[in-house]
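Below is one structure, written out as structure tokens; comments come after it.
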Amino acid sequence: MKVRDKRWGWLSATLLIITIGIVAAACGGSDAETTAAETAAAETAAAETVAAETAAAVGEKKIVMGFLSNCEGPFGPFWDATLAGYYTALVQFAGATPVDPADPKAGVTGAMVPGTEIPIELNTNYCCSDDKADKALSEAKRLVEQEGVNILIGPLSGDEGIAVANYAKTQPDVTFLNGISGAQDTTLKVQAPNFFRFFTDGAQWTAGLGAYAYNVLGWRTAVTIGDDYSFPYTQTAGFVSEFCSLGGKIDERIWPALGETDYSSYIAKLPDNVDGFFLDVGGTGTVQFVNQYTEVNGDDSLQGKVMGGAFISNPAIIKELGSKVEGVVAGSALPSDATDANWTAYVDAITAAFPDQAGNAANIFLAGYYNNTEAAILGLEAVAGNIDDAAAYQTALAGVEISTGVGPVTVDGNRNAVGPNYVVQVSDTGTTTLFTVADVDQSFGGAFSTDTPNPDRDNPECVAGNPPPWAASIKK
């Protein structure tokens, strides 16, 4: 109910009293007692009307949480994983109950703000995007402007995140928490004060890889190949910046279109006279690229020749490719072989909520949505469910620390995650952590700032000097 409606409620009550008085005077009551009784009754009715309308106005702004992910396009196969991450956090931290533990799409019921009796209403009119910025933007607008969502979890892909973060600036009373969109610009350049990312970005996911290639594998020259849009630009930027800072050279950067299915012409462009290449073809393209590459070069051709980004260490992709990715070294935001209490609690929560998704604990699509939903709930707990004051809620969010799963994770002044990264080696059954780089911030040790060029096909430039602080400790 709007304030204008509330004023009309008061006016209606006043008019009711006046009207009854006029009618009583005109018709002439049978006696003074009857007139007094009618007046008292009218006043009581008016007071009750005003009280009811005031109570409705106070309780009008509900907590409505919405979800935005990809159910179509190259990342469509990860729809269930993103739902599982979102709902697992609601089960673990908001006391929700899965409708069907075998199917995340069935949703959950009974989510409440921790420590209160305030329900979290979950908008089940899901927003389904397809990795395109305009589709994600239109879906976000529908959730906010038509469905009344005041907390939105999502989106998934890089260009989508930039578009939604820019839209967030027009909706200050709505709080946006990223899904797993990993483009650097989303937070470093857009800087929407109500857009938060409690999972590190694509460049942060490569921390340690450039130094491992240069110091351990002895690479001096490399080629990069990745999808032609903002997220692979970001992830490639992390590798290029670190590798080149130590003296490495990038001979070529190759950019097939996102959603490409025939990589033969791009594979043919990969030169033989370099030490290796950084692979950042993602989604369904990872499987297609590796299968086509190994058809030409042999099943063991990636070993020692390829370093990968987040996709090649994804458990769903490893399961699909098996021994073809054996020995590949990759950057990962998740330590699938961890045994500490935080990781165990996270895996146990997934297993309890959605047993079929337990093998996806190290899947960034699940983990990203889980982290950001966890943060949303912890922020609500900090303000005792008072979503009316959006600024206070957003201030509380900025102070949240994630400890379950990968932790600790906090956010910086641009509301972007600061957290650990893991350099892992892939086998046909999973990954083994080689080492951890702690507390990787979005500046990547000072390489990136609001003044540096946006990551793109040509940036950052390959420049020697000023390696990140962790590089010196990565050696044979």
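A protection proxy built from the mean count of other Cβ atoms within 10 Å ranks the segments 447-454, 193-200, most packed first, as 193-200, 447-454.
With a Förster radius of 45 Å applied to the C-beta separation of Gln288 and Lys62, the computed FRET efficiency comes to 0.50.
What is the angle, in °, between the Cα long axis of helix 158-168 and the longest principal axis of the Cα atoms in the chain? Nearest 10 is fine, range 0 to 90. Its long axis makes an angle of about 30 degrees.
Putting +1 on Lys and Arg Cβ atoms and -1 on Asp and Glu Cβ atoms, find which of Gly282, Ile120, Gly210 reaches farthest to the positive end of the dipole of the chain. Selected residue: Gly210.
Here Lys475 is the anchor, and the lysines within straight C-alpha reach of less than 24 Å, apart from those fewer than 8 places off in the same chain, are Lys249, Lys305.
Counting only residues at least eight positions apart within a chain, or on another chain, the lysines with an alpha carbon under 25 Å from that of Lys169 are Lys2, Lys61, Lys62, Lys132, Lys135, Lys141, Lys189.
Ordering Met307, Met65 by the number of other Cβ atoms within 10 Å of each residue's own Cβ, fewest first, gives Met65, Met307. In the chain, the DSSP-assigned H stretches of four residues or longer account for a calculated mean residue ellipticity at 222 nm of -12000 deg cm²/dmol, using -39500 (n - 2.57) per stretch and the full residue count as denominator. Peptides 166-172, 284-290 ordered by packing proxy, namely the average of other Cβ atoms within 10 Å per residue, highest first: 284-290, 166-172.
One Cα centroid belongs to segment 294-355, the other to segment 101-150; the line between them spans 29 Å. Pair-distance distribution P(r) for the chain, from all Cα-Cα distances in 20 Å bins starting at 0: 24, 48, 16, 7, 3, 0 percent. Of the peptides 173-181, 368-376, 246-254, the order by per-residue mean of other Cβ atoms within 10 Å, starting with the highest, comes out as 368-376, 173-181, 246-254. Dividing the mean sequence gap of close Cα pairs (under 8 Å, 6+ apart) by how many residues the chain holds gives a relative contact order of 18 percent.
Every read-out reported here was derived from the displayed coordinates using simple, explicitly stated rules and does not represent laboratory data. Remember, predicted model here, so these are calculated numbers, not experimental data. No Cβ is skipped: glycine too gets one built from the backbone with ideal geometry, and neighbour counts run over all protein chains shown.
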